[in-house]
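Throughout, read-outs are computed from the coordinates displayed, never taken from laboratory work. Here the structure is a predicted model, which is why all the values come from computation and not from measurement. When we count neighbours, we look across all protein chains shown, and the Cβ atoms used for this are built from the backbone with ideal geometry, even at glycine.
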Ligand code: MN3
């Protein structure tokens, strides 16, 4: 069985001016496709014990580095595209908004902490909002293509919001200014998706 690239629900130019068309196209058609191809290739060479990409992530310690890097790249970008949207709406009436405001004091404060952690990451990686097994939400960064679902992650949990902070995600538009990219990303977050991921977790515990 081969994994496939998820369909983009919006056009390459529809996240402008926050993410430019060229970045989107290269990111999806070259980077994401590249991770997927190498992931499928790496899996074809190992005894694959898990059927879903989530289960592979959760048990990543038994797989070789090629599966970790390319499987992470495949999975992380799928989450990222899904939690972006050209029609970002205010999250104020959503459960995740209440949860974030409770945990971080205010929604603005959450954005500040998220941004400053993103800026603190050395090199390439991702910044996440996730929920741990006790139902506690947390912000974390991971290097390269690791993610919080991996059983090798320092802070493990289910990803709710995934933001790519590799330079290829923003360099054409923002050059080296990661902070500008992060502050503009709030205009294109699909909070309904983030909220759904949160509620899926909460409902799974009931
Ligand atoms: Mn990327």
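What number goes with the only condition from (1) touching a residue at least 12 places away in the same chain (Cβ under 8 Å); (2) farther than 27 Å from residue 25 by Cβ; (3) touching a helix residue (DSSP H, G or I) at 6+ places or on another chain (Cβ under 6 Å); (4) surrounded by 14 or more Cβ atoms within 10 Å (Cβ to Cβ) that residue 146 does not pass?
Unmet for residue 146, out of (1) touching a residue at least 12 places away in the same chain (Cβ under 8 Å); (2) farther than 27 Å from residue 25 by Cβ; (3) touching a helix residue (DSSP H, G or I) at 6+ places or on another chain (Cβ under 6 Å); (4) surrounded by 14 or more Cβ atoms within 10 Å (Cβ to Cβ): (2).
Anything in the stretch 18-36 that is touching a residue at least 12 places away in the same chain (Cβ under 8 Å), more than 18 Å from the chain's Cα centre (by Cα) and either outside any loop (DSSP other than H, G, I, E, B) or away from the ligand (no atom under 16 Å from the Cβ) (or both)? List them, or say none.
Residue satisfying the conditions is 22 alone.
Across the stretch 37-53, what is the number of residues that are surrounded by fewer than 18 Cβ atoms within 10 Å (Cβ to Cβ) and assigned to a helix (DSSP H, G or I)?
6
Across the stretch 151-171, what is the total count of residues that are crowded, with 16+ Cβ neighbours inside 10 Å and not in a loop (DSSP other than H, G, I, E, B)?
8
Please work out if residue 130 is crowded, with 17+ Cβ neighbours inside 10 Å, more than 29 Å from residue 52 (Cα to Cα), under 16 Å from the mean Cα position of the chain (by Cα) and away from the ligand (no atom under 16 Å from the Cβ).
So residue 130 fails the test.
Please determine, by comparing only the residues of the stretch 88-115 that are in a loop (DSSP other than H, G, I, E, B) and touching a helix residue (DSSP H, G or I) at 6+ places or on another chain (Cβ under 7 Å), which one is farthest from residue 16 (Cα to Cα).
It comes out as 94.
Pairs please, first residue from the stretch 80-92 and more than 15 Å from residue 169 (Cβ to Cβ), second anywhere and within 16 Å of the ligand (Cβ to nearest atom), Cβ atoms under 7 Å, 6+ apart in sequence or on different chains.
Within 7 Å, the pairs are 85/188; 86/15; 86/188; 88/188.
Please go through the stretch 54-87 and give me each residue that is in a helix (DSSP H, G or I) and more than 16 Å from the ligand (Cβ to nearest atom), ordered by number.
54, 55, 56, 57, 58, 60, 61, 62, 65, 66, 67
Within the stretch 163-178, does at least one residue satisfy the condition of being touching a strand residue (DSSP E or B) at 6+ places or on another chain (Cβ under 9 Å) and more than 16 Å from the ligand (Cβ to nearest atom)?
Scanning the stretch 163-178, I find no residue that is touching a strand residue (DSSP E or B) at 6+ places or on another chain (Cβ under 9 Å) and more than 16 Å from the ligand (Cβ to nearest atom), so the answer is no.
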